[in-house]
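Data first, discussion second: the structure below is written as structure tokens.
The values are calculated or read from the model by the stated rules, or taken from the named source; none is laboratory data. Note that the structure is predicted; figures quoted are calculated from it, not measured. Note that each Cβ is placed from the backbone with ideal geometry, even for glycine, and that neighbours are counted across all protein chains shown.
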Amino acid sequence: MVKKDAVVSLSYTLKNDTGQELDKSTPDKPFTYLHGNKQIVPGLENALEGLAVGDKKQVTVAPAEGYGEFSAELKKEVERSNFPKDAKIQAGMQFSTEVNGNHQVFTVTDIAGDKVKVDGNHPLAGQTLHFDVEVVEIRDATAEELQHGHVHGPGGHDHH
């Protein structure tokens with residue numbers, strides 16, 4: 001059963017409101033995560049609680065329970081001088097900085113002279129997410145995985 005500290009492997013497809021496919025797992029590589037450790041968006045994690053292997057579920061996740069609301073405040077224009085002199089700044093580049101004591105990842109969207117436009121919104125911010133999931137495997141986490149707070153070995157992801 002999917003519960004806190006279980007290692008869960010999912011087969012999933014993620015679509016947006018218009019039905020466009022944003023992401024999916026492949027049959028040979030399910031998405032594996034440590035349940036109850038905030039590794040996936042809260043709306044999906046909560047919906048998976050208590051499911052068993054073979055269970056399928058469609059889950060709709062509102063922005064507040066997903067990647068957050070879109071924030072215009074996170075779109076900024078900053079001086080090129082804020083970056084290291086030798087940094088090759090280009091559109092699509094990501095960097096992390098501290099905002100109000102929290103780490104915030106920004107993506108460079110445009111460069112015009114000595115001004116760099118950046119966006120700190122997650123690419124899926126403000127979007128309602130539609131997950132189609134199937135639980136393919138559940139196992140207990142190892143002591144090391146619990147200590148580190150993420151899955152090790154095949155299918156283990158640190159970045160979700």
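Is at least one residue of region 107-124 touching a residue at least 60 places away in the same chain (Cβ under 8 Å) and surrounded by 14 or more Cβ atoms within 10 Å (Cβ to Cβ)?
Yes, region 107-124 contains a residue that is touching a residue at least 60 places away in the same chain (Cβ under 8 Å) and surrounded by 14 or more Cβ atoms within 10 Å (Cβ to Cβ).
Can you tell me which condition G50 does not meet? The list is (1) in contact with a helix residue (DSSP H, G or I) (Cβ under 8 Å, 6 or more places away or on another chain); (2) at pLDDT 95 or above; (3) farther than 15 Å from D132 by Cα, and all the others hold.
If we test G50 against (1) in contact with a helix residue (DSSP H, G or I) (Cβ under 8 Å, 6 or more places away or on another chain); (2) at pLDDT 95 or above; (3) farther than 15 Å from D132 by Cα, just (1) comes out false.
Report the residue count in region 100-124 for those that are of a type in the set (D, E, K, R), at pLDDT 95 or above and over 20 Å from N16 (Cβ atoms).
Count: 3.
Per-residue answers, yes or no, for (1) at positive phi; (2) basic (K, R); (3) not assigned by TED's automatic domain parsing to the domain that holds I40:
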position: K76; (1), (2), (3): no, yes, yes
position: P84; (1), (2), (3): no, no, yes
position: F95; (1), (2), (3): no, no, yes
position: D140; (1), (2), (3): no, no, no
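Tell me which of these G153 doesn't satisfy, since it passes every other one: (1) part of a strand (DSSP E or B); (2) outside the structural domain of D55 (by TED's automatic domain parsing).
Evaluating G153 over (1) part of a strand (DSSP E or B); (2) outside the structural domain of D55 (by TED's automatic domain parsing) leaves (1) as the failure.
Exactly one of (1) more than 23 Å from T32 (Cβ to Cβ); (2) in contact with a Phe, Trp or Tyr (Cβ under 7 Å, 6 or more places away or on another chain) is unmet by V133. Its number?
Result: V133 passes all but (1).
If I filter region 84-101 for residues that are surrounded by 10 or more Cβ atoms within 10 Å (Cβ to Cβ) and charged (D, E, K, R), do I get at least one hit?
No, region 84-101 contains no residue that is surrounded by 10 or more Cβ atoms within 10 Å (Cβ to Cβ) and charged (D, E, K, R).
For E73, indicate whether it is of a type outside the set (V, I, T), farther than 30 Å from R139 by Cβ and assigned to a strand (DSSP E or B).
No.
Can you tell me which residue in region 44-67 is farthest from the chain's Cα centre (by Cα), limited to those that are crowded, with 16+ Cβ neighbours inside 10 Å and part of a loop (DSSP other than H, G, I, E, B)?
So, considering only residues that are crowded, with 16+ Cβ neighbours inside 10 Å and part of a loop (DSSP other than H, G, I, E, B), the one farthest from the chain's Cα centre (by Cα) is L51.
When the residues of region 16-34 are filtered to those that are crowded, with 19+ Cβ neighbours inside 10 Å and out of contact with any Ser or Thr (no Cβ under 7 Å at 6 or more places or on another chain), which remaining residue is farthest from D140 (Cα to Cα)?
Y33
Can you tell me which residue is surrounded by the fewest Cβ atoms within 10 Å (Cβ to Cβ) among those in region 125-144 that are within 22 Å of V7 (Cα to Cα) and hydrophobic (A, V, I, L, M, F, W, C)?
Per the stated criteria, the residue is A143.
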